[in-house]
1. Take the conditions within 16 Å of ligand 2 (Cβ to nearest atom), within 44 Å of the chain's Cα centre (by Cα), touching a residue at least 40 places away in the same chain (Cβ under 8 Å) and under 17 Å from residue 638 (Cβ atoms) and apply them to residue 690. Does it pass?
2. Please work out which one of (1) out of contact with any helix residue (DSSP H, G or I) (no Cβ under 6 Å at 6 or more places or on another chain); (2) surrounded by 16 or more Cβ atoms within 10 Å (Cβ to Cβ) is the condition residue 181 fails and give its number.
3. Would you point out which residue out of 706, 644, 640 is closer than 28 Å to residue 808 by Cα and out of contact with any helix residue (DSSP H, G or I) (no Cβ under 9 Å at 6 or more places or on another chain)?
4. So is residue 672 over 26 Å from residue 753 (Cα atoms), away from ligand 2 (no atom under 16 Å from the Cβ), over 42 Å from the mean Cα position of the chain (by Cα) and not in a helix (DSSP H, G or I) or not?
5. Listed residues 704, 658; which is exposed (fewer than 15 other Cβ atoms within 10 Å of the Cβ) and more than 16 Å from ligand 2 (Cβ to nearest atom)?
6. Here is a list of conditions, (1) surrounded by 15 or more Cβ atoms within 10 Å (Cβ to Cβ); (2) within 16 Å of ligand 2 (Cβ to nearest atom); (3) part of a helix (DSSP H, G or I), and residue 777 meets all of them except one; can you say which number that is?
7. Residues of segment 720-733 being surrounded by 24 or more Cβ atoms within 10 Å (Cβ to Cβ) and either more than 16 Å from ligand 1 (Cβ to nearest atom) or part of a helix (DSSP H, G or I) (or both), which ones?
8. Please work out which one of (1) surrounded by fewer than 18 Cβ atoms within 10 Å (Cβ to Cβ); (2) in a loop (DSSP other than H, G, I, E, B) is the condition residue 49 fails and give its number.
Ligand code: PEP
Ligand code: MG
């Protein structure tokens, strides 16, 4: 019989932090805190295994579950000295979701389960606080009808609003009619009447009665939490975060403790260190007389936890440190216990019920990349963690965020400020303002930079938040939904910019007397919390000494090299700054696209449209000095480091002139008419150019093209050697699938090498000769390819294209469907498909090494900068990965972590 339930609490604890997969993060950490002797209200966790069995059984509970629940509930009752459903001393419980990794706000929670007509009088009697009991009942009705009766049952409301909004409207109308400013102002009679009206509305609207039986409520709530794993929001979040569907969620059922029992009760959220900056300060927010949802929902601006948490927005509000000093000290001790136990920053939730402190959650806190760096270095320097742990604390992907732009401080000095808020997500961003998540998605789709402006965000806004370059809200604190999600993604975000009055209907925001409309441009400084009018310049954030030190330590553990893909001396110089150890891919053809490319492009076109070999050779002779100079410049920048120079790769028709003016120019140069230019161009058109006359195939049809390029490479190197430099060129042949192609090109290379040596009176030019492996056939016959090739570079863009048969240029039209239907976990052009493309790489490595044990092995497809793919490359035993300059630090860190994890 499978065991589904694990208890926790002062009396009995079954699980611990190591059981995250089975108990979810929340359940595992509640158990761990209970083991540490912290004040955790007793409860039990229903395992993720039960969630999966529930789905397998066709959304039905396993037969043994209810009796397990009744036994565990008995233990909570014994500890709390109350009974679930008891008329005299009724126990209430919360039902919370908890997956293996945190999915903030994506799944459901139901509080106050067990309140009904038979238990209300007992609770009133026990608490002596009738208002509190009816407020708790009102909250239960609102949450339960929405989550259990509507969403979990897939009811699609006719009015498009849903029961929750209907009930909220009723409550707001009541507050307006009676002039109540806060929920807490509502009179007892009005609260009681509201609960009755809520239940009537539910019965009319959802055509079923609000359950009045505690056990029916409980089982309904548990099922609804399971179902919320497959809710729209949770599924979207999983796709974005690449969380597998098969994990499932656990459900935590726990004795309720109340932060809303009056002015000696409170609730709060805190971080053991500042999640934005990483400073070693206890950091948090709290509300007196409130339930936890009130802090996170951003409905009231929360109070600062202590002096360190005060800012411009909340400095007038009392801190917990001032208002409840004894409890604050107790919480501060718990903070220290948790940090020294977990040795990492924790995000905690607590509740104070009538002067007694309870811990409701702890988990590793989300943080900005800068905070992660600062905390890891501080903890290492304080001796809390070792060097390897420090290196693994920073997610390589998050470096992207740290290296991303900030608002140029010089521009900020003169910029016009619109509003100020809390600095919830780092860096800078600018964009056109939009007021709904849908608008953000639509505008981003057409390539607009947008800033999503909301009163506050809810999990329903998730897609829009993702699409926007930044998020700005009028309400909410540092722990509000917007702040948590944005911080997790490293997205620029400002919350609680209270001066903004947002009118979603008119798509307007008013600040004082100024009105801004949809489409107006704002710039956000998410590190300071300032909103500016218009677009400001951004600046690179690389020069951080802590970052440089951290990376130097990480490099000590790395065994795999990191090179860059760079086609210009400027890119090469940038990559060197980021720590590149060479160029893994120099795409020759790029010199015909970028700046100053008019003349070489013209000459290339002339060569392409030449008819006879003589004509072509004449054009190539003219082209030679340009190609040689470009290569020489790059070799010079990378002096002493290897530079892999790839021979011409794309099909020739890509370069054919389209405009009549360009065609005329070529016609004139070749002494032919326009008609003839068009005729020659048409001959070059292919049905499938990606698998057409490209790469090595061009060099076989037209050896003189290869010869000119090889000559340019050797001559550039020879000239540099003569001037005292140490160039390290590597000649790479693209799109090969047969070892004889390499033999063919090698002959040209050997001849050319001898000629250049002679011409420059040199004894040798150090160089390597190798090939891309980007066609499955080439991978499978790698033993033969390695006879001539001294190195392989895996071109995983084409290798993925040809392994899947997915066109890399047309993937956008169907990839999202593949992800949505969970056919693929991720886009294989972004993260290497280890199953098949990875197998081809493994085969090629093994067979290549058999022929040539010292063969150099690299990767130069886009995957070279993707951390998961880098880990794979390390395991596959590659010599280096090569990626775009900005991803070099990501690859360096990912490679260091792969080496550390392999040895652990
Ligand atoms: C590749 O195919 O992976 C590659 C690096 O070459 P390109 O992207 O230029 O085709
Ligand atoms: Mg390729």
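The values are calculated or read from the model by the stated rules, or taken from the named source; none is laboratory data. Keep in mind that what you see is a predicted model, and the values were worked out from it rather than measured. Methodologically, a virtual Cβ is constructed for each residue, glycine included, from the backbone with ideal geometry; neighbour enumeration extends over all protein chains shown.
1. When the stated conditions are applied, residue 690 does not pass them.
2. So residue 181 meets the others, but not (2).
3. It is 644.
4. Yes.
5. Every option except 658 fails the conditions.
6. (1)
7. The answer is 727, 729.
8. Single failed check for residue 49: (2).
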